[in-house]
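Here the structure comes first, spelled out in structure tokens, and everything after it is commentary.
The values are calculated or read from the model by the stated rules, or taken from the named source; none is laboratory data. Small disclaimer: the values here were computed from a predicted structure and weren't measured. All Cβ positions, glycine included, derive from the backbone under ideal geometry; neighbour counts span all protein chains shown. Side chains included, ligands, DNA and RNA excluded: accessible areas come from the protein's heavy atoms. Shrake-Rupley method; radii C 1.70, N 1.55, O 1.52, S 1.80 Å.
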Amino acid sequence: THPKHPDRVRMTAARAIALVGGKREEATQKLIELTNDPYILVHMYATSGLGIVGAERAIPTLEKLTEGHRDSRVKRAAMDSIRMINGGMDLPPYKNDKKK
């Protein structure tokens, strides 16, 4: 995942971390870090990966992505990950009210 590696290598690494990292804290932390990667597909894989690992502590990071990311694909991946973590539910109602 080091920035000196090509974009596609980092993208593949993000996906692999999500699939084999399980619920390990190191995997969650690395995926959270990768949500700031300059390559958009790394963002997407890291964001989706947080939903796969079910990392509740990543919800604040995912919420920020749903509100402030420049790419709608990342926003959608973040919302899908929140749903996965919450067992199919969207953000709590008080979070949705902020947007209105």
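I'm checking my understanding of the structure. Among residues of region 1-23 that are among the basic types (Lys, Arg) and either within 13 Å of SER48 (Cα to Cα) or exposed (fewer than 13 other Cβ atoms within 10 Å of the Cβ) (or both), which one is farthest from the chain's Cα centre (by Cα)?
LYS4
Would you check which residues across region 35-79 are among the small types (Gly, Ala, Ser) and either open to solvent by less than 20 Å² (accessible area, probe 1.4 Å) or not in a helix (DSSP H, G or I) (or both) and list them?
ALA46, GLY49, GLY51, GLY54, ALA55, ALA58, ALA77, ALA78
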